[in-house]
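Shown next, in structure tokens, is the structure this report addresses.
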Amino acid sequence: NAGVTQTPKFQVLKTGQSMTLQCAQDMNHEYMSWYRQDPGMGLRLIHYSVGAGITDQGEVPNGYNVSRSTTEDFPLRLLSAAPSQTSVYFCASSYSSVGAGELFFGEGSRLTVL
Amino acid sequence: DAKTTQPTSMDCAEGRAANLPCNHSTISGNEYVYWYRQIHSQGPQYIIHGLKNNETNEMASLIITEDRKSSTLILPHATLRDTAVYYCIAARFAGGTSYGKLTFGQGTILTVHP
């Protein structure tokens, strides 16, 4: 098992560019989510999915789109990158609907928007 | 979800027990207490969780007071590799299409020194 795999690990964008952060899990987990982490802010939930075809917004969804066409993949799209989206992004997955359950996190994708 | 309060930082000598406190005085009856840690900007790692009984696993023990207003995470024999930010989170059971959203605060920076 690879667990939760995020690509790319590092990315530099210019303002206005678009890109997709990829997240894949091989644990057949039903639940997947994206968080961003900024200095002094902790982790904040961007979007989450409770299964293929079902997504919903988290705490800070503006500027991001997601889709969940398969159980394994949950990509995060930035349509027009802004410097405020400079952050470390973590994807997580879980099999449990009991509270937060045991979330498995990826290693993170570090994005810089110039 | 109930707010949690943790000390900003703590020190511990290698080989000694590390006791990390957490206050959650407004926790409701169906909220679990979860602990995660994050080692040097890696993805957060689940440690343990509990509702009202004390819990133990291979990583740590969780002691929850009888009134559930506070808890303590115990690392019985801390090593240098346990140096990390530790997060205490209160989260509800979420069934069906709901997803237990984790709210990460600032956590406690635990430094284990030789």
Restricted to the range B:63-114 and to residues being part of a strand (DSSP E or B) and at pLDDT below 95, the residue nearest to A:Met41 (Cα to Cα) is B:Ile89
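Table: residues versus (1) at the interface with another protein chain (Cβ under 8 Å from one of its Cβ atoms); (2) more than 10 Å from the chain's Cα centre (by Cα); (3) under 21 Å from B:Gly105 (Cβ atoms); (4) at pLDDT below 95.
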site: A:Ala2; (1), (2), (3), (4): no, yes, no, yes
site: A:Thr7; (1), (2), (3), (4): no, yes, no, no
site: A:Gln11; (1), (2), (3), (4): no, yes, no, no
site: A:Gly58; (1), (2), (3), (4): yes, yes, yes, yes
site: A:Tyr64; (1), (2), (3), (4): no, no, no, no
site: A:Arg77; (1), (2), (3), (4): no, no, no, no
site: A:Cys91; (1), (2), (3), (4): no, no, yes, no
site: A:Ser109; (1), (2), (3), (4): no, no, no, no
site: A:Leu114; (1), (2), (3), (4): no, yes, no, no
Over the range B:29-53, the set of residues charged (D, E, K, R) and open to solvent by 10 Å² or more (accessible area, probe 1.4 Å) is B:Arg37, B:Lys52
Practice problem: Kindly check whether there is at least one residue in the range B:12-26 that is within 14 Å of chain A (Cβ to nearest Cβ) and open to solvent by less than 10 Å² (accessible area, probe 1.4 Å). | Solution: yes
B:Arg92 passes all but one of the listed conditions (1) more than 22 Å from A:Cys91 (Cβ to Cβ); (2) in contact with a strand residue (DSSP E or B) (Cβ under 8 Å, 6 or more places away or on another chain); (3) more than 7 Å from chain A (Cβ to nearest Cβ); the exception is number (3)
Within the range A:44-56, of all residues that are among the small types (Gly, Ala, Ser) and within 11 Å of chain B (Cβ to nearest Cβ), the one surrounded by the most Cβ atoms within 10 Å (Cβ to Cβ) is A:Ser49
task = Please verify whether the range A:79-97 includes one or more residues that are free of Cβ contacts under 8 Å to residues at least 60 places away in the same chain and closer than 24 Å to B:Tyr46 by Cβ.
result = yes
Q) Any residue at all in the range B:69-78 that is within 14 Å of chain A (Cβ to nearest Cβ) and either within 16 Å of A:Leu103 (Cα to Cα) or open to solvent by 40 Å² or more (accessible area, probe 1.4 Å) (or both)? A) no
Checked A:Met41, A:Met27 against criteria (within 12 Å of chain B (Cβ to nearest Cβ) and among the aliphatic types (A, V, I, L, M)); the one match is A:Met41
Among the residues of the range A:22-43, the number that are surrounded by fewer than 21 Cβ atoms within 10 Å (Cβ to Cβ) and either under 11 Å from the mean Cα position of the chain (by Cα) or among the polar types (S, T, N, Q) (or both) is 4
Of (1) part of a strand (DSSP E or B); (2) within 16 Å of B:Tyr46 (Cα to Cα), A:Gln37 satisfies every one except (2)
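The values are calculated or read from the model by the stated rules, or taken from the named source; none is laboratory data. Owing to the predicted nature of the structure, the values given are computational and were not obtained by experimental measurement. Every residue, glycine as well, gets a Cβ built from its backbone with ideal geometry; the counts of neighbours run over all protein chains shown. For accessibility, only protein heavy atoms count, side chains too; no ligands or nucleic acids. Shrake-Rupley method; radii C 1.70, N 1.55, O 1.52, S 1.80 Å.
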